[in-house]
Each structure stands twice: as structure tokens, then as C-alpha cells.
1. Packing-wise, with mean Cβ within 10 Å as the measure, how do 81-90, 22-31, 115-124 rank, highest first?
2. Expected output is a single nm value to one decimal: the length gained when fully extending between ALA148 and ALA29, i.e. 0.36 nm times separation in residues minus the C-alpha distance. What is it?
3. So if I place +1 on the C-beta of Lys and Arg and -1 on the C-beta of Asp and Glu, and nothing else carries charge, what would the dipole magnitude of region 75-161 be about its Cα centre? I want it in debye, nearest 20.
4. Once you have the Cα-Cα distance between VAL132 and ASN96, take 0.36 nm times their residue separation minus that, and quote the gain in nm to one decimal.
5. Compute the signed sum of charges (Lys and Arg +1, Asp and Glu -1) over the other residues within less than 14 Å, Cβ to Cβ, of ALA40.
6. Say a paramagnetic label sat at a point 7 Å from the Cα of MET74, along Cα to Cβ; which residues of region 122-141 have their backbone N under 14 Å from it?
7. Less than 13 Å Cβ to Cβ from GLY153, Lys/Arg counted +1 and Asp/Glu -1: what total charge do the surrounding residues give?
8. Taking every pair of Cα atoms in region 71-113, average 1/r, invert it to obtain the Kirkwood radius, and report Rg/Rh to two decimals.
Amino acid sequence: MTTEPPQHERSLAEPAFPGDDGQVDPALAPVLGDRDGVLAVLGEARVFVPIVAVLGERAANGGDKNADMAAVLMTGADGRQALLAFTSVAALEAWNPQARPVPVHGQAAAQSALAESASAIVLDLGQPHWQVVETDDLGHLAAGDTLARTATGTAWVRPGD
């Protein structure tokens, strides 16, 4: 009697943004420069988080140094940290052409910022429309809330409420 080895289907995860050309997300493009407009769509929009090589310790045998890849955190004059994110590959490359763009939804970027103990996201550093998303706004984005315009201003709305 011959036993066949088990068959395993190999599959790769589907890309989160198939066909992405690296341009500004169509939902973000018309609202860049409008703080509330950006906040209203950022959670579901695709942004790019820059990943850079960070040199580690020299190998025990005196050989090459190790290198790790890390998201970029910026430290402000007040000591608070912010995760950098960009709306397009071109904006990221203008900041640092050596950085690797990793596409994520804005909500995932906010969650990553909080996981790294950052208190903000700096969106499009070095661009004319750059913006800081911080404190309560960052928490609302990470939670999946949506900024809605009301007759008296804006309010964060939790899905299902």
C-alpha cells in the first residue's frame, strides 16, 4: 500500500491594494489642505508609511552589522513622537528616496502610531499641504470612527452608533 503525501495548496495573501499606482488615493486628493476633509476620509484611504533600514549591532564574530527595517518616528521639540505617513509614493520619495513605501489604510497607520507610543501622525511632511493628526483625532481614526459634518460643526461617529 502506497501512501500519498498530503497535498497543500500554496497561496499568497491577496494584495491589499491591487493595481495601486502610488498616486494620491482618489478619496484624499480633493481634500488635501482641508483638515476636516482629510480626517473624514483618512481612515479608509490608502497612505504610505516609510520603512527604512536601521543599523544594529556588529555580529559577534566581528563581521557585518545587522540591519533591521523600521517605520519612521519623528520626535518633536516637546519630546512627543509622531509616525510619518505620505499620501503618495512621490511625496514619500521627495522626503527620502531610500525609504520603502508600505501601503496601508489610514486606520492601520493610526493603530501603528499608537502601538509605537506615538501621539500623532505627520502626513506628507515637506509638502505644502502637510498635516498633523494627533490626540483624540488619532484615537478616533485608530478605532475606525468617521468624522461627520453636522449643522454645528464636526463630530466623530462610531460605526453602528
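1. 81-90, 115-124, 22-31
2. 41.0 nm
3. 140
4. 11.1 nm
5. Taking every other residue near ALA40 into account, the sum is -4.
6. Once the point is set 7 Å along Cα→Cβ of MET74, 122-134 turn out to lie under 14 Å by backbone N, inside region 122-141.
7. Local charge sum for GLY153: +1.
8. 0.98
Read-outs: derived from the displayed coordinates by stated rules, not from any lab. Keep in mind that this is a model prediction, so the values were computed, not measured. Here Cβ is always computed from backbone atoms with ideal geometry, including for glycine, and neighbour counts include all displayed protein chains.
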